[in-house]
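Report on one structure; see the data block that follows.
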Amino acid sequence: QVQLVESGGGLVQAGGSLRLSCAASGRTFSRYAMGWFRQAPGKEREFVGTISRSGDSTYYADSVKLRFTISRDNTKNTADLQMNSLKPEDTAVYYCASGSYSTDETTYDYWGQGTQVTVSS
């Protein structure tokens, strides 16, 4: 039983940075891998990245590799997405989710409400 809340979205210029945070309820946070997904207008939801239960392993989509970094703090029940060198094509609603260490959204059981990221050119 997990509830997730994203924060930190906003409007930034191309080349700028944003840090998104995902706060989780409960005391079972460390049982789950955390994933980040995004959905742009008119497009299907796509995988961004995932982090293992311990935080020792991460995996990213090619489109964000070397620009985005996922981290987690199991003592605070938070998972962050640091986004650097943002591009207009990064504009989307970003969602955090808890579940398996996977690129497949169907393996994630709990989802946040999403936070809007808009990158202007």
Inside the range 8-29, can you point out the residues that are among the hydroxyl-bearing types (Ser, Thr, Tyr) and open to solvent by less than 60 Å² (accessible area, probe 1.4 Å)?
Ser21, Ser25, Thr28
Kindly indicate which of Ser63, Ser54 is assigned to a loop (DSSP other than H, G, I, E, B) and under 18 Å from Val12 (Cβ atoms).
Ser63
So Val2 ticks every box in (1) at pLDDT 95 or above; (2) in a loop (DSSP other than H, G, I, E, B); (3) of a type in the set (Val, Ile, Thr) but one. Which box is left unticked?
(1)
Of Thr75, Thr50, Thr58, the only residue that is farther than 19 Å from Thr118 by Cα and at pLDDT below 95 is Thr75
Tell me whether the range 32-43 contains one or more residues that are over 12 Å from the mean Cα position of the chain (by Cα) and either in a helix (DSSP H, G or I) or more than 23 Å from Gln13 (Cα to Cα) (or both).
yes
So which pairs qualify, if the first residue must be in the range 54-80 and closer than 24 Å to Arg27 by Cα, the second must be assigned to a loop (DSSP other than H, G, I, E, B), the Cβ gap must be under 6 Å, and the two must be at least 6 apart or on different chains?
Arg72/Gly55
From the list Val48, Val93, exactly one residue is in contact (Cβ under 8 Å) with a residue 40 or more places away in the chain, open to solvent by 30 Å² or more (accessible area, probe 1.4 Å) and in a strand (DSSP E or B). Which is it?
Val93
Out of curiosity, is Leu81 part of a loop (DSSP other than H, G, I, E, B) and either at pLDDT below 95 or open to solvent by less than 10 Å² (accessible area, probe 1.4 Å) (or both)?
no
Counting only residues that are within 13 Å of the chain's Cα centre (by Cα), farther than 14 Å from Gln39 by Cα and not hydrophobic (A, V, I, L, M, F, W, C), the range 68-98 contains a total of 7
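The values are calculated or read from the model by the stated rules, or taken from the named source; none is laboratory data. Source: prediction; values computed, not measured. A quick note on method: Cβ atoms are made from the backbone with ideal geometry, for glycine too, and the neighbour counts reach across all protein chains shown. These area figures cover heavy atoms from the full protein model, side chains too; ligands, DNA and RNA do not enter into them. Shrake-Rupley method; radii C 1.70, N 1.55, O 1.52, S 1.80 Å.
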